[in-house]
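Everything below concerns the one structure shown next.
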Amino acid sequence: MQNEILKIANDTNFFLKKFINSQKKTELINPMRYGLFSGGKKIRSKILIDIGYLFNIKYSTLIIVGAAVECIHAYSLIHDDLPCMDNDKIRRGKASTHFKYGESTAVLAGNSLLTMAFEILSSNYLKLNDKIKNNLINKISECSGHLGIAGGQFLDLSYEHKMVSKKKILEMEIKKTGKLFSFCCVAPLIIKNKMSEEISFFEKIGEDIGLLFQVADDVIDYKGTSLIAGKKTKKDKKLGKATLISLLGYKNTIKYVHNKNFEIKNRLNKYGPKSTHISSTLDYILNRSK
């Protein structure tokens, strides 16, 4: 598993470096690079490739789509760390982008990475027809804006120090984290021109995978160390964050996500032995906090 993840991360970074090097150099390139190449295991790209494997999609195509996903993810982390958001000075063991380059530069670098994702998906590097490219751009835009990451971050901030229901916490975490995972799960089906029913099936799979990932993050914050997290831990409680842990307690939250993991695997069993790749990745996600 570690070797697979490392290969995907290296291949994704190789493409991103080639793409960003092909662009005209501006004052924002260095802070963009800083936020984009800050480490990270590229778990979203791993999920994308696992689902793509079910449908026999070329690895090189999935790496390019994954590169766009990682641009979106990097933009969201740069913005999440800002003082007006979660106010984190450390990200993945080094200074957050705004702490190194200043707040306004970090905002603009994040915005530029967001738009670079669309450049990648519309570029000639991606050997797909224009209709499929447009569908991919439409879906990743939906998952990144007010219906997805941005909307989830808004809810996350607005729920601080409030009693929030389980339904609302799940809605927030699906938007904040699950929607980008959802894109990773449906992108291969968009590429293959699959029917809307099957796309809806994988949208839900992606949302549930995002929940697993978010809860694993929450567990790391709850009981992990800064060495594991790459940033300060135990901040959720201090900030009064609405999480499943704060609502259900640690043990019940662990039980909830293990049941969810079992449900996802059961739903994917119909794809036969090929689903073992995604199953192993799900276990890896949950074991990150150990």
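Okay, here's what the table says:
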read-out	value
Sole exception among (1) farther than 18 Å from Ser246 by Cβ; (2) outside any loop (DSSP other than H, G, I, E, B); (3) free of Cβ contacts under 8 Å to residues at least 40 places away in the same chain for Glu171, by number	(1)
Count of residues meeting criterion [part of a helix (DSSP H, G or I), charged (D, E, K, R) and either touching a residue at least 12 places away in the same chain (Cβ under 8 Å) or closer than 21 Å to Ser122 by Cβ (or both)] in the range 1-51	8
Number of positions in the range 219-256 that are surrounded by 15 or more Cβ atoms within 10 Å (Cβ to Cβ) and at pLDDT 90 or above	11
Any hit, the range 59-78, residues being touching a His at 6+ places or on another chain (Cβ under 9 Å) and within 22 Å of Leu121 (Cβ to Cβ)	yes
Residues of the range 253-281 classified as touching a residue at least 40 places away in the same chain (Cβ under 8 Å), touching a Leu at 6+ places or on another chain (Cβ under 8 Å) and either farther than 18 Å from Phe55 by Cβ or not aliphatic (A, V, I, L, M) (or both), total	7
Single condition Asp208 does not satisfy, out of (1) touching a Leu at 6+ places or on another chain (Cβ under 9 Å); (2) acidic (Asp, Glu); (3) over 27 Å from Ser96 (Cβ atoms); (4) crowded, with 19+ Cβ neighbours inside 10 Å	(1)
Count of the range 72-129 residues which are aromatic (Phe, Trp, Tyr) and either more than 19 Å from Phe14 (Cα to Cα) or modelled with pLDDT under 95 (or both)	2
Answer residue from the range 238-252, given it is over 21 Å from the mean Cα position of the chain (by Cα), assigned to a helix (DSSP H, G or I) and in contact (Cβ under 8 Å) with a residue 12 or more places away in the chain and is nearest to Gln2 (Cα to Cα) among those	Tyr250
Single residue of Ser144, Ser158, Ser123 found to be of a type in the set (S, T, N, Q) and either touching a Gly at 6+ places or on another chain (Cβ under 8 Å) or buried (at least 21 other Cβ atoms within 10 Å of the Cβ) (or both)	Ser144
Residue that is farthest from the chain's Cα centre (by Cα) [pool: residues in the range 62-105 that are crowded, with 23+ Cβ neighbours inside 10 Å and of a type in the set (Asp, Glu)]	Asp81
Single condition Phe118 does not satisfy, out of (1) in a loop (DSSP other than H, G, I, E, B); (2) within 18 Å of the chain's Cα centre (by Cα); (3) not basic (Lys, Arg)	(1)
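The values are calculated or read from the model by the stated rules, or taken from the named source; none is laboratory data. The structure displayed is predicted, hence computed values, not measured ones. As a convention, Cβ positions derive from the backbone with ideal geometry for all residues, glycine included, and neighbour counts pool all protein chains shown.
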